[in-house]
Amino acid sequence: MEARRLALLYSHLCPSRSAPLPPLSILSPSACAPQRNDCVFCLIIRGESPACKLYEDDMCLCILDTRPLSCGHSLIIPKSHFSSLDTTPPSVVAAMCSKVPFLGNAIMKATGSDSFNLLVNNGAAAGQVIFHTHIHIIPRKAGDCLWTSEFYRVCIGVP
């Protein structure tokens, strides 16, 4: 089963140059509740909005970010609606976090990355834009200068 998931993940992240990009998958509706009608992640969970799904189980799903910071930038989303991390029950946070080693390693392998950032923007001041708890997995490569501080330190040599 794990090999099949890795193959699916790899096919989404690294399609061959000769093959067209895979169409966005429509997720099957979820029985998990509660959900909100105006939340983009709830729409995806219910199968009412497209997303490129990498992983799904009873508690959460992982999709590719539509505005990625790097190739393979993915989101782990609980199937029930919680507006922020501090309102999410510990059991749901644990279910999401327990997927990080498997998904992070699969994403690194599929993208040829050597590491990844794990990020939660919790609240508007922290940069949260979609108010449905989610965890970012952002694949990284040495010297990619993704963050401004790295750009100045690594890419242009300013300490």
Worksheet item: Between A126 and L69, what is the spin-label point distance in nm, taking each point 7 Å from the Cα along the Cα→C-beta axis?
Response: 1.3 nm
Fill in: FRET efficiency estimate (nearest 0.05) - Cβ-Cβ, S49 to L118, R0 41 angstrom
0.95
Worksheet item: In debye to the nearest 20, how big a dipole does the stretch 32-150 give about its Cα centre with +1 on each Lys and Arg Cβ and -1 on each Asp and Glu Cβ?
Response: 120 debye
Practice prompt. If a/c stays under 1.5 just call it rounded; otherwise compare a/b with b/c (prolate if a/b is bigger, oblate if not). Do that for the stretch 88-138, with a ≥ b ≥ c from the square roots of the Cα gyration tensor eigenvalues.
Written response: oblate
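FYI, it's all coordinate maths here, none of it is from the lab. The structure presented is a predicted model; accordingly, all values stated were derived computationally and were not measured. With ideal geometry, Cβ positions are generated from the backbone for all residues, glycine too; neighbour counts draw on all protein chains shown.
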